[in-house]
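Below is one structure, written out as structure tokens; comments come after it.
Coordinate-derived values only; no laboratory data. What you see is a predicted model, and the numbers here were worked out from it, not measured in a lab. Every residue, glycine as well, gets a Cβ built from its backbone with ideal geometry; the counts of neighbours run over all protein chains shown.
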Amino acid sequence: MVGITKMKAEKQKAEKEAFFCTTKELSRLGLEQIPTQFQSHKHLIYSSPATLAFNSPGAEGFGVKRAGLAVPDSIMLIVAPGCCGRNTSLISSMKEYNDRFYYLMMDETDIVTGRHLKKIPKAVEEICSVCPKKPSVVMICITCVDALLGTDMERVCKKAEEQVEIPVRPCYMYALTREGRKPPMVHVRQSLYSLLEPGKKKGNVVNLLGFFSPLVDDCEIYDLLHSAGVKTIHEISRCKDYMEYQTMSEANFNLVLHHEARFAAEDFHNRLQIPFIELRRLYQIDKIENQYHALGNALGVAFYDEKYKKQAEDALEKFRQKCPDASFAIGECLNADPFELSLALIRYGFSVPEIYGTITVENFTYIRSLAKISPETKVFSNMGPTMIYYDPAKSDVNLAIGKDACYYHPDCPYVMWNGEEQPYGYAGVRRLFEQLLEVV
């Protein structure tokens, strides 16, 4: 099977076609033998306009830089060569980030000798002295340069902390570690919550971990938790100040809504003795129902979610009646796992000829399920250099979901589905089909 895939890749390259594998081929190969075209560390990375926000951990959206400022009243010092720091200019121009980004530029001598490390504590002290309001924490954002130098940023931060007497934490914008055990977005979540100090536990307080912006206001999870006796639900993005942020340590338990927050949740458990329950963002209505019932069983309560389930089913049915022959291209620059969303759409009776996605341990189970019910669905790697040859005319797509899918299919009706407020649960399904209904 591996040999056949290699021959296929050579044929597609010779004919100048974008490389893809079907879900059936990927399922047969298994996660351990996926083609190198799906492993970004084994080839050049193609940064197309479709994926610029996705490729760089520091680019637009909630990359490392914006995420690092999720703690109220925090500021960030970016230590980098000019070429690495330039993409922050767009973020720093946003009103809510005025006067929160600072730069320590590195020159060639710094890169060769590492002398910039001695400048960091002094730079932090100078920044704190000119801030109109004392920062709650200083995040030090460093790049691949320091990864290659082997910089012990924990030690540097500790020295800076001694000088300014406020917390100083590292924030790693290492694209090199994107596919490692602790990618940048995993580490930044861990750094954010490491500032919490032990507090007295309250049985009616819960934290929602996983996202840097809040869930949509009409998400049913709030009502369901309140019905179970939860009085206060904390999200870091809704904390008004540092004092409110610190009350997250009073939680009785955490709900992890995104797998990249798992390390942070484990820190909560080890350091603050706050246990956690991990949930997934799903678009399969029956799986959402099962997940809520499992959560209810774990908490010893019954969740009555029929009303919210029916709202999602009604939105789905309205769209199905208007567009029964929907044929989707699903990207990965969106608020969903592209493979789980594709599986949901196919199970609802629609077609998904193409998926653009990064294959991971977490989503390979969806690929196996897709192989059983849609074996000819093509999976493309957004970062593969052959995507420069992608031709939308060769697909049967008539709808696109995701920023990257919209780029590849500019003439199709589309929904970006990458807003900052996070869709979740039945509300996420309902909102998605409502938006799709508006564009068809």
- request: Give, rounded to the nearest 20 debye, the magnitude of the charge dipole that segment 205-279 has about its Cα centre when Lys and Arg contribute +1 at Cβ and Asp and Glu contribute -1 at Cβ.
  value: 220
message: Placing one identical point scatterer on every Cα of segment 355-413 and ignoring solvent, what is log10 I(q)/I(0) from the Debye formula at q = 0.12, 0.14, 0.20 Å⁻¹?
response: -0.33, -0.45, -0.89
field: Over segment 205-279, volume per residue of the alpha carbon convex hull, in Å³
entry: 89
- line: To the nearest 0.05, the calculated FRET efficiency linking Asp286 and Lys24 through their beta-carbon distance, R0 being 22 Å, is 0.35
statement: Proxy exposure order for Tyr242, Tyr424 (fewest C-beta within 10 Å first) is Tyr242, Tyr424
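If you place +1 on the Cβ of every Lys and Arg, -1 on the Cβ of every Asp and Glu, and leave all else neutral, what size is the dipole of segment 64-178 about its Cα centre, to the nearest 20 Debye? Don't skip to the answer; put the middle values down first.
On the way: 16 positive and 14 negative charges, 46 e Å.
That gives a dipole near 220 debye.
Give the peptides 164-171, 251-258, 369-376, 198-205 in descending order of average Cβ contacts within 10 Å, highest first. Mind dumping the intermediate values first?
Details: 164-171: 19.5, 251-258: 21.4, 369-376: 15.9, 198-205: 13.2.
Result, highest mean Cβ count within 10 Å first: 251-258, 164-171, 369-376, 198-205.
Kindly state, as a whole number, the per residue volume in cubic angstrom of the convex hull around the alpha carbon atoms of the chain.
Here the figure is 150 Å³ per residue.
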task: Place a +1 charge on the Cβ of each Lys and Arg in the chain and a -1 charge on the Cβ of each Asp and Glu, then give the dipole magnitude about the Cα centre in debye, rounded to the nearest 20.
output: 680
message: Which residue, Ile45, Cys412, Leu149, has the largest displacement toward the positive end of the dipole of the chain when charges sit on each Cβ (Lys, Arg +1; Asp, Glu -1)?
response: Leu149
message: Explain nothing, just the number: relative contact order of segment 205-279, from Cα pairs under 8 Å at least 6 residues apart, as a whole percent.
response: 39
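What order, most packed first, do the peptides 117-128, 350-361 have when packing is the mean number of other Cβ atoms within 10 Å of each residue?
Working: 117-128: 17.0, 350-361: 20.2.
So the order, starting with the most tightly packed, is 350-361, 117-128.
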query: Of Ser342, Pro81, Ser249, which is farthest on the positive side of the dipole of the chain, counting Cα position, with +1 on Lys and Arg Cβ, -1 on Asp and Glu Cβ, and the Cα centre as origin?
result: Pro81
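When the helices in the chain are scored as -39500 (n - 2.57) per DSSP H run of 4 or longer and the sum is shared across all residues, what 222 nm value do you end up with, to the nearest 500 deg cm²/dmol? Spell out each step's value before the answer.
Working: 20 runs with 183 residues, N = 440.
Computed ellipticity for the chain at 222 nm equals -12000 deg cm²/dmol.
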- prompt: Working out 0.36 nm times the residue gap between Asp99 and Ala298, then minus their Cα-Cα distance, what length gain in nm do you get to one decimal?
  reply: 67.2 nm
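If you average over every viewing direction, what projected area does the convex hull of the Cα atoms of segment 256-308 give, in nm²? The partial results should precede the final answer.
On the way: hull surface 16.8 nm².
Across all orientations, segment 256-308 yields a mean hull projection of 4.2 nm².
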- request: May I have the extent of the alpha carbons of segment 209-344 along their three principal axes, as whole Å values ordered from largest to smallest?
  value: 52, 33, 26
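Can you give the net charge of the other residues whose Cβ lies under 9 Å from the Cβ of Tyr283, counting K and R as +1 and D and E as -1? Write down the numbers at each step before the final one.
Working: positive: Arg281, Lys287; negative: Asp337, Glu340.
Neighbourhood net charge equals 0.
Arranged by the count of other C-beta atoms within 10 angstrom, fewest first, what order do Leu334, Leu29 take?
Numbers: Leu334 23, Leu29 18.
Fewest-to-most Cβ neighbours within 10 Å comes out as Leu29, Leu334.
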field: Shape box of segment 109-257 [Cα atoms, principal axes, largest first, Å]
entry: 60, 37, 24
message: Please compute the contact order of the chain in relative form: average sequence separation of alpha-carbon pairs under 8 Å and at least six residues apart, divided by the residue count, as a percent.
response: 20
- line: Farthest towards the positive end of the dipole of the chain, among Ser327, Ser27, Ile233 and with Cβ unit charges of +1 on Lys and Arg and -1 on Asp and Glu, lies the Cα of Ser27
message: Give me the tail of P(r) for segment 64-178 as a percent: Cα-Cα pairs with distance above 25 Å.
response: 15
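Considering only DSSP beta bridges whose two residues both sit in the chain, what percent are antiparallel, to the nearest 5?
Details: 3 of 41 bridges.
The antiparallel fraction comes to roughly 5 percent.
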